[in-house]
Amino acid sequence: MIQSAQVASKFTLFTHHAKTFPDLVTALRNSMLRAGVFRNEKTAEEQVVQVLNFDIHLVKDFRGRRYIERVTECIPVEDKNEYTYDHRKEKTIEGKLDKFMDNATMYFTKSTNKELYKYVNILEYHDGSYVLTNPISEHNITEMRNNMDDSDIDGFENFLYRNWGIKLKRYTDTEEEADNNIFETVGEKKTERRGRPKKAE
């Protein structure tokens with residue numbers, strides 16, 4: 001499933017019974033390790049995270065009602081090069097050693113505590129109704145928009161602006177080649193949870 005999602009289709013839909021999003025990632029990673037596809041846990045987890053865009057979590061309560069409890073987005077964390085070359089500016093061996101130790105500490109931190117993904121709930125079920133809690137990431141907005149026809153794009157853009165204050169640029173073909181950033185402005189509008197009092201203006 002992970003392999004086909006990476007190369008063979010526009011999207012992959014599957015079911016799983018994990019209770020939380022981290023449990024889902026861990027279970028899929030362990031399945032890949034057991035299948036012998038990967039031997040390294042981190043590498044297997046990276047492959048899983050690249051495939052999981054959204055998790056739609058369904059529950060069945062004690063009354064027998066089935067409903068979507070939350071929609072969670074998985075956002076892979078990019079590994080950025082944050083090392084410095086400040087040791088070249090240092091005049092003393094002690095200063096150079098301090099800068100080296102800073103880079104060494106960063107390296108070992110990345111190696112031992114590497115965060116491969118973060119996750120946010122886009123939609124949650126509260127007290128009988130659905131509440132939008134966090135905006136969709138720019139990457140997934142772009143990917144979703146690229147797979148819509150004009151009528152769907154209009155509705156999607158209205159949805160983004162109405163709920164999160166996100167306004168997308170409109171392009172001609174030549175403008176799109178020059179600028180790949182589709183986000184014109186991102187407003188300060190945030191979705192409010194139910195039951196929380198509004199702040200005084």
So which of Glu115, Glu94 is part of a helix (DSSP H, G or I) and acidic (Asp, Glu)? Glu94
Picking from Leu33, Leu13, the residue that is without any contact (Cβ under 8 Å) to a residue 12 or more places away in the chain, assigned to a loop (DSSP other than H, G, I, E, B) and among the aliphatic types (A, V, I, L, M) would be Leu13
Within the range 36-58, the count of residues that are assigned to a helix (DSSP H, G or I) and hydrophobic (A, V, I, L, M, F, W, C) comes to 4
Leu33: surrounded by 10 or more Cβ atoms within 10 Å (Cβ to Cβ), over 30 Å from Tyr125 (Cα atoms) and at pLDDT 90 or above, yes or no? yes
Count - residues of the range 125-174 that are without any contact (Cβ under 8 Å) to a residue 24 or more places away in the chain, of a type in the set (D, E, K, R) and touching an Asp or Glu at 6+ places or on another chain (Cβ under 9 Å): 3
Take the residues in the range 104-135 that are surrounded by 15 or more Cβ atoms within 10 Å (Cβ to Cβ) and touching a Phe, Trp or Tyr at 6+ places or on another chain (Cβ under 8 Å), then tell me which one is nearest to Gly165 (Cα to Cα). Pro135
Return a yes/no flag: does the range 139-149 have any residue that is exposed (fewer than 12 other Cβ atoms within 10 Å of the Cβ) and assigned to a helix (DSSP H, G or I). yes
I'm trying to understand the selection: among the residues of the range 13-27, which are surrounded by 15 or more Cβ atoms within 10 Å (Cβ to Cβ) and under 23 Å from His139 (Cα atoms)? Phe21, Leu24, Val25
Among the residues that make up the range 59-74, is at least one of them at pLDDT 90 or above, under 21 Å from Arg145 (Cβ atoms) and in contact with a Ser or Thr (Cβ under 7 Å, 6 or more places away or on another chain)? yes
Looking at Glu69, Glu46 in this structure, which one is charged (D, E, K, R), out of contact with any Lys or Arg (no Cβ under 6 Å at 6 or more places or on another chain), under 30 Å from Tyr107 (Cβ atoms) and touching a residue at least 12 places away in the same chain (Cβ under 8 Å)? Glu46
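The values are calculated or read from the model by the stated rules, or taken from the named source; none is laboratory data. Worth saying up front: this structure is predicted, and the values here are computed from it rather than measured. Quick reminder, even Gly has a Cβ in these numbers, built from the backbone with ideal geometry, and neighbours come from all protein chains shown.
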